[in-house]
Protein chains: 2
Amino acid sequence: MKVYGAIESGGTKFVCIVGTDPNNLLKEERFPTTTPQETIDRVIGFFQPYADRGALAAVGIASFGPLDLNIASPTYGYITTTPKAGWSQINLHGDIQRRLQVPVAFDTDVNAAAFGEQYWIPEHKLLDPFLYITVGTGIGVGVIVNKFPLHGLMHAEGGHFALPHDWQRDPFQGVCPYHGDCLEGLASGLSMTKRWGQSPEHLPDSHPGWELESDYIALALVNMIYAYSPQRIILGGGVSQHPGLVQAVRCKVKQFMNGYIQSSMLMERIDEYILPPALGNRSGALGAIAMARVLAARLL
Amino acid sequence: MKVYGAIESGGTKFVCIVGTDPNNLLKEERFPTTTPQETIDRVIGFFQPYADRGALAAVGIASFGPLDLNIASPTYGYITTTPKAGWSQINLHGDIQRRLQVPVAFDTDVNAAAFGEQYWIPEHKLLDPFLYITVGTGIGVGVIVNKFPLHGLMHAEGGHFALPHDWQRDPFQGVCPYHGDCLEGLASGLSMTKRWGQSPEHLPDSHPGWELESDYIALALVNMIYAYSPQRIILGGGVSQHPGLVQAVRCKVKQFMNGYIQSSMLMERIDEYILPPALGNRSGALGAIAMARVLAARLL
């Protein structure tokens, strides 16, 4: 039997999985992200037995970025200019494909998560555009449009949207090293930790920081609705799991749009429109399995 | 010989064209947008002779919106909830297709303009995503992603992005009836007229309004670059034609992005990245001809 591999490559940990689908995962391992050489060696070690006996049909990589996704570029498959020490200009895709000798699919962690939510969840199948937003330590956006992930000059970077910032109400200057008070600068988990002196997991439900947080996320979603006209939005990441946050965001999205888009989905069924991930915190890894399956099928 | 028809349907005027390509336009007529019945009668009258003798292969419509572009919807091809008196819930596509008895392609004026710039200009052919932004009385965004126009729940509405608004520097409250100080509320031609008491055509080059205008357009473009990662941006519309505006916008886009996306296109060649329309003010109409050609070819 053929199996598929998934690599979820994050700034703090890597997750490797072998399996065929969400209900048939044969092996899984997580390890810290150290140097590229050591980390990629562990990845290869994980998959080698399957590759050696010809069982590994393909691997999908869901990676932190920024990435070069342009297949015509000499640095296709590289992690490019990350601030993560030692990881700039690393040929993640090429190294793994060369050493395992199997086809390897490659995309951002958030595009993979969008792909996974759409591929594995029957209710999401034909919804296009399809959006996956993660609000955790950072903020990322994955987009499927016209059946494929959005790439282009680079890939979506909706985490860095410029947004209205009411300095009187929120004098915090933001944490983005490039833009200060962009979306990620104002609403990431990191920004909450810096602004309130405690991480979002420890911020009490009654803390006014949650009101501010749902305001910023809702504003960002309004901009994304105007940009992509998505048919579904998945709101994932650790911060989004705070009780009541998704519900507050839905309310405020309606309020901020103020009836501009007369769609029953927005006006009456927003509870079905903005949803937590059906795959929990495994959308990215399971998306990588899906990417591997699609790549293998295309090469048959 | 087969010919193709184009209808550019605007809130103040309609343009009808018959031809085969930008260098072979056989007949063109413009008339004011009055009632739907009178206006559509004139459209039919314009094309009827070509349809009668079987010469009209297909027609493309580039329309003001909002539009229903979902082919599975019972109101596909309608202008939906426009504030333009008498034009809400008008079956523009259906009426014209039924009366002319030819295949009719249908999209927003801005998607058609993006399509036209990409279809007719060889240098733009493989650039994807491809963006067309018009800044005139209103602000609209057309997007080609993964080879097709972006539709979805509705269509792109990037004119209504929420943006940072520095109330101290610009105490103007904005003109958008839905959002007040969204992009269109702060930077459309209409907003300039209301803010400064004179229309943008009459605002002197030295007026501080132009500084503010290029700031807002640049902020909007930064958000669009983060949203779509486009490979080219066409900046059209009457306001964008103000001398120096495109140049100022390019500078400020670089400044606001602050090196976040390390692409040589943005860092070194932004003069080739943000461009005025190669087809002048005819991108929409010539895009409708292109849409008609593609539809006819698909039906062969």
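The values are calculated or read from the model by the stated rules, or taken from the named source; none is laboratory data. What you see is a predicted model; the values in this text were computed from it and never measured. Positions of Cβ are backbone-derived with ideal geometry, glycine not excepted, and every protein chain shown enters the neighbour counts. Surface accessibility is based on the protein's heavy atoms, side chains included, excluding ligands, DNA and RNA. Shrake-Rupley method; radii C 1.70, N 1.55, O 1.52, S 1.80 Å.
Annotations
- Accessible area of chain B belonging to carbon and sulfur atoms, whole % at 1.4 Å probe: 53
- A Gaussian network model of chain A, with springs between Cα atoms under 10 Å, assigns the largest mean-square fluctuation among A:GLY287, A:GLY237, A:GLY86 to A:GLY86.
- B:HIS202 accessible area, 1.4 Å probe, all protein chains in place, Å² to nearest 10: 130
- The trypsin sites (Lys or Arg not before Pro) of segment A:63-129 that meet both conditions, a loop assignment by DSSP and at most 11 other Cβ atoms within 10 Å of the site Cβ, are A:LYS125.
- B:SER88, A:SER188, reordered so the largest accessible area comes first (probe 1.4 Å): B:SER88, A:SER188
- Sites B:ALA85 and B:GLU29, calculated FRET efficiency, Cβ-Cβ separation with R0 25 Å, nearest 0.05: 0.60
- Accessible area per residue (1.4 Å probe, heavy atoms of protein chains only) ranks B:LYS27, A:LYS254 as A:LYS254, B:LYS27, with the largest value leading.
- Exposure ranking of A:ARG269, A:ARG293, B:ARG232 by accessible area [1.4 Å probe, largest first]: A:ARG269, A:ARG293, B:ARG232
- Rolling a 1.4 Å probe over the protein heavy atoms leaves A:VAL59 with an accessible area of roughly 0 Å².
- Residue by residue along B:201-212, Cβ atoms of other protein chains within 10 Å of the local Cβ number 0 on average.
- Cross-link table A:LYS194/B:LYS252; A:LYS84/A:LYS194; A:LYS194/A:LYS252; B:LYS13/B:LYS252, entries beyond 27 Å C-alpha to C-alpha: A:LYS194/B:LYS252; B:LYS13/B:LYS252
- Kirkwood Rh, Cα atoms: Rg over Rh of the protein assembly as shown: 0.98
- Ordering B:262-268, A:7-13, B:192-198, A:130-136 by mean Cβ neighbour count within 10 Å, with the highest value first, yields A:130-136, A:7-13, B:192-198, B:262-268.
- The mean number of Cβ atoms from other chains found within 10 Å of a Cβ in peptide A:228-241 is 2, as a whole number.
- Summarising the label geometry, the points placed 7 Å from Cα in the beta-carbon direction at B:ARG53 and B:MET1 lie 1.2 nm from one another.
- Derived scalar couplings between HN and Hα for segment B:74-90 equal x, 10, 4, x, 8, 6, 9, 10, 5, x, 4, 4, x, 9, 6, 6, 9 Hz in order, rounded to whole Hz, by the Karplus curve 6.51 cos²θ - 1.76 cosθ + 1.60 (θ = phi - 60°), x for Gly and Pro.
- Acute angle (nearest 10 degrees) that the helix B:209-228 long axis makes with the longest principal axis of chain B, alpha-carbon atoms: 70
- Put simply, chains B and A cover up around 3500 Å² of each other's accessible surface, both sides summed, when a 1.4 Å probe is used.
- Taking chain B and dividing mean pair separation by its residue count, relative contact order in percent (alpha carbons under 8 Å, at least six apart): 21
- Were the residues from B:ASP41 through B:ASP21 laid out at 0.36 nm apart, the gain over their Cα-Cα distance would be 4.7 nm.
- Anisotropy class of segment A:143-300 from Cα gyration tensor, a/c 1.5 cut: prolate
- Helix axis angle, B:283-299 relative to chain B longest principal axis, alpha carbon, degrees: 50
- Ligands, DNA and RNA excluded, the heavy atoms of A:MET154 present near 20 Å² of accessible surface to a 1.4 Å solvent probe.
- Shape of chain B, Cα gyration tensor, a/c cut at 1.5: prolate
- GNM top mover of A:CYS182, A:CYS251, A:CYS16 - chain A, alpha-carbon springs below 10 Å: A:CYS251
- Angle of helix B:36-52 to the longest C-alpha principal axis of chain B, folded into 0 to 90 degrees and rounded to 10: 50°.
- 10 Å Cβ neighbours from other chains, averaged over peptide A:155-167: 6
- For segment A:1-48: relative contact order, % (alpha-carbon pairs under 8 angstrom, 6 or more apart): 30
- Computed from the Cβ-Cβ distance with R0 of 56 Å, the FRET efficiency linking A:TRP196 to B:PHE148 stands at 0.80.
- The three principal axes of the Cα atoms in segment B:190-281 give end-to-end lengths of 41, 29, 22 Å, sorted in falling order.
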